[in-house]
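Here, each number is a calculation from the coordinates, and none is a lab measurement. Keep in mind that what you see is a predicted model, and the values were worked out from it rather than measured.
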């Protein structure tokens, strides 16, 4: 099996609604690699690019989200 990389997402380069496809891709990715629940959200955050990376940093600060307490549900609900 070739090296599998997580799908990346940058809303600035994608059309509206593309985040649903990214989220589905991420779900497949973390399932195939059998990540622990605590690691799933961290991998998703790592795959954000451009405006979405900045968006996450602002959201994290505004909502006082601690990445060490982050869950997959938080990621899904924030999109």
Please grab the % of Cα pairs in the range 17-78 that end up more than 18 Å from each other.
31
So what's the back-of-envelope 222 nm ellipticity for the chain, counting only DSSP H runs of four-plus at -39500 (n - 2.57) apiece and dividing by all residues, rounded to 500?
-17500 deg cm²/dmol
